[in-house]
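Encoded as structure tokens, the structure appears first; notes follow it.
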Amino acid sequence: MTASYLSRRTSLWHRIYRSPIFDIVQFTLLVFAVVWFFSSSTEKMGYNWQWYQIPKYIFTHDENGYAAGPLWEGLMVTLRISGISLVLAFIIGLGTALFRLSQSFVARTIARVYLEAIRNTPLLIQLFFIYFVLGPVLGINRMTSAVLALSLFEGAYTSEIFRSGIVSIRRGQWEAAYSLGLSGFDTYLYIILPQAVRRVLPPLTSQAISLIKDSALVSTIAIYDLTMQAQALIAETFLTFELWFTVAGMYLIITATLSVIVNYMEYRFKVSD
Amino acid sequence: MPVKDSGDYIIVVENISKTFPDGVKALVDFSTRIHRGEVVVVIGPSGSGKSTFLRCLNGLEEIDSGAITIDGIALNDHKKSRLEIRKEVGMVFQQFNLFPHMTVLENISLAQRRVRKKSKEQARDMSMDLLKKVGIAEKADNYPGQLSGGQQQRVAIARALAMMPKVMLFDEATSALDPEMIGEVLDVMKALASEGMTMICVTHEMGFAREVSDRVIFMEDGKIIEAGTAEHFFSAPAEDRTRLFLSQIL
């Protein structure tokens, strides 16, 4: 029975199906189909492609050397907002996770209320709430509102990731640490968190990528991030297709780079247990 | 009967009881006293409360009632007393529980640095000495995952010893090991016993009990059924239950 099963698996059809050439052909066909579909339909629309216009919106070059174009400036704003929010989101996330796992009823309740509030309302509403309601009340500016909204939102999701990582650590690790006389703080810092963080690196990366993408929403409160700059440029130049393609490409480059870095880190820190 | 807190006894356990949330009575009005330097082997069927007894001794399980005093320190609800006692009581687990993200050397040095506040060099020297003692100094920079079970357990013993404990608890330290590795771990334990360490070992290694133990305690249902020397258990156990149990494991 095993023999016939094996021979069926190595049949001619199966070998073609499994060969890399088949994959390459499939992929090429798919790319062609997409390009053909797109070019034929834009042609029908009579869209006038002006790709040559795009580079100057990223960089301009004159006798004084290179100068940043609006898209580059927007990219920097996006990176700054995402970067700060990411650090804050991880801190909030870790804090909330520890609150949820703590012995204190009050701490657990605070964490639960925060989580439910954030996860059950749209980010856009949170952003508006912080900017239009808390902003005037607390006197915080646009940039702070944006960072606060993003880090509170992503922090809620990050905390669940941290929590799952922490509870996945075997009980024996806690007991070994305690039996050596380590304090709760030292146990977390030296034993539990290093292992937990390594375990949750992949979902943590996804969350970081989500944050970068979600940061596009700050354009709604008139922060000139990458998305807002693109909108402004399109209003001026009508290069709708080229600019959105470019902006999407720029987001893709940031997030892809992040993925590659984390993949490398995961490979480096691999723990066997 | 000697006086209650005679300095002769390093561990005094008085009428402790422990019931788990699921209603299992792990320890029932359990009392015992252990001399400084004594080697006690605890045997008994699974679920008899022997592991729970060990885990209560360093506060990994909280007792419902009764009192535990170790080297004059009462183990009570205060965090401080638990930390204080854990410094003095080393524990070796069935599953080794080494820290997989740290090298062998880091595993042994961490508590020395964080709890005993030693310098990096002092901790390192101590760790290397202990690794030599358990016979695996050459593995200092390896990760636990690269070691055999027997080697991991010897590292775990070294890690516990690094705190200079006054008492060592062994919770089925050889039960998870392949047969050919049990000997190397038992040898380390025997060496430790001959140095005068106070040891409480939950184990079914009756050869070990016979060779080094001063006293064997047979437990069932959270109570001591019978206690005596290893010879007593081999030659003339008084209780039927003891005889039945021994016939099963020997």
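Some notes on this structure:
- The figure for A:Ile58 is an accessible area of roughly 40 square angstrom, using a 1.4 Å probe on the protein chains alone.
- Put the Cα centre of segment B:24-46 next to the Cα centre of segment B:191-250 and the gap is 10 Å.
- Amide hydrogen proximity for B:Met219: with H placed 1.01 Å from N in the peptide plane, the residues at 5 or more positions away or on another chain lying under 5 Å are B:Ile43, B:Gly44, B:Ile225.
- Checking every one of the chymotrypsin sites (Phe, Trp or Tyr not before Pro) in segment A:197-249 against DSSP loop status and a limit of 12 other Cβ atoms within 10 Å picks out A:Phe238.
- GNM remark for chain A: springs join alpha carbons under 10 Å apart, and the peak mean-square fluctuation among A:Ile212, A:Ile110, A:Ile92 falls on A:Ile110.
- Share of pairwise Cα separations in segment A:73-212, more than 27 Å, in percent: 28
- Relative contact order of segment A:73-212: 32 percent, from C-alpha pairs under 8 Å at least 6 residues apart in sequence.
- Averaged over the residues of A:168-179, the number of partner chain Cβ atoms lying within 10 Å of the residue Cβ comes to 6.
- Amide H contacts under 5 Å for B:Glu61: B:Cys56, restricted to partners 5 or more places along the chain or on a different chain, H placed in the peptide plane at 1.01 Å from N.
- Taken residue by residue and averaged, Cβ atoms of other chains lying within 10 Å of the Cβ of B:92-100 number 5.
- For chain A: relative contact order, % (alpha-carbon pairs under 8 angstrom, 6 or more apart): 21
- The chymotrypsin sites (Phe, Trp or Tyr not before Pro) of segment B:145-250 include none that meets both conditions, a loop assignment by DSSP and at most 15 other Cβ atoms within 10 Å of the site Cβ.
- Each 5 Å bin from zero holds the following percent of Cα-Cα pairs in segment B:160-250: 2, 12, 23, 24, 19, 13, 5, 1, 0.
- Spin-label model distance (nm) - B:Ser46 vs A:Met45, 7 Å beyond Cα toward Cβ: 6.8
- Only the Cβ atoms of Lys and Arg (+1) and of Asp and Glu (-1) were treated as charged; on that basis the dipole of chain A about its Cα centre amounts to roughly 1220 debye.
- Oblate is the label for chain A. Its Cα gyration tensor axes, ordered a ≥ b ≥ c, give a/c of at least 1.5 and b/c at or above a/b.
- Kyte-Doolittle at least 0.5, axis length at least 15 Å by Cα - qualifying DSSP helices, chain A: A:20-45, A:70-100, A:105-119, A:142-167, A:226-237, A:240-268
- Furthest towards positive pole of dipole, A:Phe162, A:Asn141, A:Leu101, structure part segment A:45-190, Cβ charges: A:Leu101
- Environment charge of A:Ile212, counting only residues whose C-beta is closer than 14 Å and scoring Lys/Arg +1, Asp/Glu -1: -1
- Among the residues of B:106-112, the average count of other protein chain beta-carbon atoms within 10 Å of the residue beta-carbon is 3.
- Entries in B:Lys18/B:Lys166; B:Lys133/B:Lys190; B:Lys87/B:Lys139; B:Lys18/B:Lys80; B:Lys25/B:Lys50; B:Lys79/B:Lys223 that, when Cα-Cα distance is taken, lie over 23 Å: B:Lys18/B:Lys166; B:Lys87/B:Lys139; B:Lys79/B:Lys223
- For the pair A:Gln231 and A:Ser104, label points projected 7 Å from Cα toward Cβ lie 4.1 nm apart.
- Alpha carbon centroid spacing (whole Å) that separates segment A:12-44 from segment A:175-232: 37
- 5 angstrom amide H check on B:Leu27, placed H, neighbours 5+ away: B:Lys18
- B:Asp64 accessible area, 1.4 Å probe, all protein chains in place, Å² to nearest 10: 90
- Sequence-separation-based contact order of chain B, relative, with Cα cut under 8 Å and 6+ spacing, percent: 26
- In this Cβ point-charge picture (+1 for Lys and Arg, -1 for Asp and Glu), segment A:73-212 has a dipole of about 240 debye about its Cα centre.
- Accessible area per residue, Å², chain A with all protein chains present, probe 1.4 Å: 59
- Peptide ranges A:129-136, A:72-79 listed from the most packed, as the mean C-beta count within 10 angstrom indicates: A:72-79, A:129-136
- Accessible carbon and sulfur surface of segment A:73-212 relative to its total accessible area, %, 1.4 Å: 71
- Applying the Karplus relation 6.51 cos²θ - 1.76 cosθ + 1.60 with θ = phi - 60° to segment B:244-249 yields 3J(HN,Hα) values of 4, 5, 4, 5, 7, 9 Hz, where x marks Gly and Pro.
- Prolate/oblate/rounded call for segment A:1-102, Cα gyration tensor, a/c under 1.5 rounded: oblate
- Listed residue (B:Ala160, A:Ala216, A:Gly172) projecting farthest to the positive dipole end of the protein assembly as shown, Cβ model: A:Ala216
- When accessible surface is computed with a 1.4 Å probe, chains A and B are found to bury approximately 1900 Å² between them, both chains counted.
- Rounded tilt (10° steps) of B:79-88 against the dominant C-alpha axis of chain B: 80
- Sparse-neighbourhood loop sites, trypsin sites (Lys or Arg not before Pro) in segment A:169-273 - DSSP loop, at most 10 other Cβ within 10 angstrom: A:Lys270
The values are calculated or read from the model by the stated rules, or taken from the named source; none is laboratory data. Computed from a prediction, not measured in an experiment: that's the story for all the values here. Heads up, the Cβs are rebuilt from the backbone with ideal geometry, glycines too, and the neighbour counts pull from every protein chain shown. SASA here: full protein model, heavy atoms, side chains in, ligands and nucleic acids out. Shrake-Rupley method; radii C 1.70, N 1.55, O 1.52, S 1.80 Å.
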